[in-house]
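The values are calculated or read from the model by the stated rules, or taken from the named source; none is laboratory data. Since the structure is predicted, the reported quantities are computational estimates derived from the model, not experimental observations. Here the Cβ is made from the backbone with ideal geometry for all residues, glycine too, and neighbour counts use every protein chain on show.
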Amino acid sequence: MQKKIPLRQCLGCREMKPKRELIRVVRPPEGTVHLDPKGRANGRGAYLCPNRDCLRKAVRSKALERAFGVSIPQEVYAALEAELEVLDGG
């Protein structure tokens, strides 16, 4: 029997994808919002596809703000952009 692959929904494109393919953003109990590269940090998580279109859609629709119930600092969006740069290879 095959092991079940956990799926999560991207906040940008709203598609269900394997958890390992997505970038996790987390809001721990302390309230700060940041990237969770290993996907194991404690707290509420939200997921984005590793492409710029999904990030733009999530920013435009304020999907991260709705998911966490707080306003998202610009540094988090900058960190997401930087992560996408690394994943794109330049």
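Structure data summary
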read-out: Breaking point among (1) closer than 24 Å to Ile5 by Cα; (2) in contact with a strand residue (DSSP E or B) (Cβ under 8 Å, 6 or more places away or on another chain); (3) not hydrophobic (A, V, I, L, M, F, W, C), for His34; value: (1)
read-out: Members of segment 53-90 found to be modelled with pLDDT of 90 or more, under 13 Å from Leu22 (Cα atoms) and charged (D, E, K, R), listed by number; value: none
read-out: Residue in segment 50-65 that is surrounded by fewer than 15 Cβ atoms within 10 Å (Cβ to Cβ), assigned to a strand (DSSP E or B) and either in contact with a His (Cβ under 7 Å, 6 or more places away or on another chain) or not small (Gly, Ala, Ser) (or both) present; value: no
read-out: Qualifying residue in segment 59-68 (condition: of a type in the set (S, T, N, Q) and touching a strand residue (DSSP E or B) at 6+ places or on another chain (Cβ under 6 Å)); value: no
read-out: Total residues in segment 1-45, condition more than 16 Å from Val76 (Cβ to Cβ) and not in a loop (DSSP other than H, G, I, E, B); value: 10
